[in-house]
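In what follows, a single structure is set out as structure tokens and then discussed.
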Amino acid sequence: MCGGFTCSKNALITLNILYVMVGFLLIGVGVYARAASIVTNLPIVGGILACGVILILISILGLAGAVKHHQVMLFFYMIILFMLFLIQFSIASSCLAVNSEQQKEFAEEGWNNVPDSIRHQVQESFFCCGFNTTNSGTQCEVLNTNCCSGDLINCSCPPCLPVLEDKINFAFKLCGGLGIFFSFTEVLAVFLTRRYRNQHDPHYPPARAIFPHNYQY
């Protein structure tokens, strides 16, 4: 029967293995979002990265508790996982709720705070110069040679914001969508762990059979 001890144990182990993979996926998404949006200090994206790392550590705790049927490990696993659900759900909702204007503000703040070497690398990669206005505070003479085919008088590199805008929006939506989806599976894991903790391990006899003199008939 799937509601038995063995099935609950196997389901919890499988779920935690899935969480390890999800943790690496969240880390990858966060790295992509940070690189694509050029926002190295954005708290929302940093929160996605933190959730990925914490989820991997919690999954290891859950795997150990599930294999050993360790009551203390499973208890702390439930508490920490539920707290992670609240944090991850809040961050994912924030990613989905950010509108285009807020995304531009976050991106501009990040653009102003990154080193010049990173800005120059982005401008060379995307054939743009400046953030929201052409040549805004940036020496674009060298960059213009990459954007224009010989006519440097009437031609200049476009600003980077229009080029990066779609990538920024996609990064936010991807972080938010994955975070929302996997946060609800964490609620399932909490209920499954609670049920598994209360089930008796069939490999061990009940306490009454081990210490019959401690029980009154």
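Residue 80 to residue 198: extension gain in nm, 0.36 nm per residue of separation minus the Cα-Cα distance? Going from the current span to full extension adds 40.6 nm.
A simple rule links phi to the HN-Hα coupling: the Karplus curve 6.51 cos²θ - 1.76 cosθ + 1.60 with θ = phi - 60°, which for segment 195-200 gives 5, 5, 4, 7, 8, 8 Hz, with x for Gly and Pro. Karplus-based coupling profile of segment 173-185, in residue order and whole Hz: 5, 5, 4, x, x, 5, x, 5, 4, 7, 5, 6, 5, with θ = phi - 60° in 6.51 cos²θ - 1.76 cosθ + 1.60 and x standing for Gly or Pro.
Note on residue 167: lysines with a C-alpha under 22 Å away, same-chain residues under 8 apart excluded, are 104. Straight-line cross-link reach from residue 68 at under 28 Å between alpha-carbon atoms covers these lysines, not counting any fewer than eight positions away in the same chain: 9.
Label separation (residue 184 vs residue 68): 3.4 nm, computed from points 7 Å beyond Cα along the C-beta direction.
Every number here is computed from the coordinates shown, using simple stated rules; none is lab data. As the structure is a prediction and not an experimental result, all values here were calculated from the model. Here the Cβ is made from the backbone with ideal geometry for all residues, glycine too, and neighbour counts use every protein chain on show.
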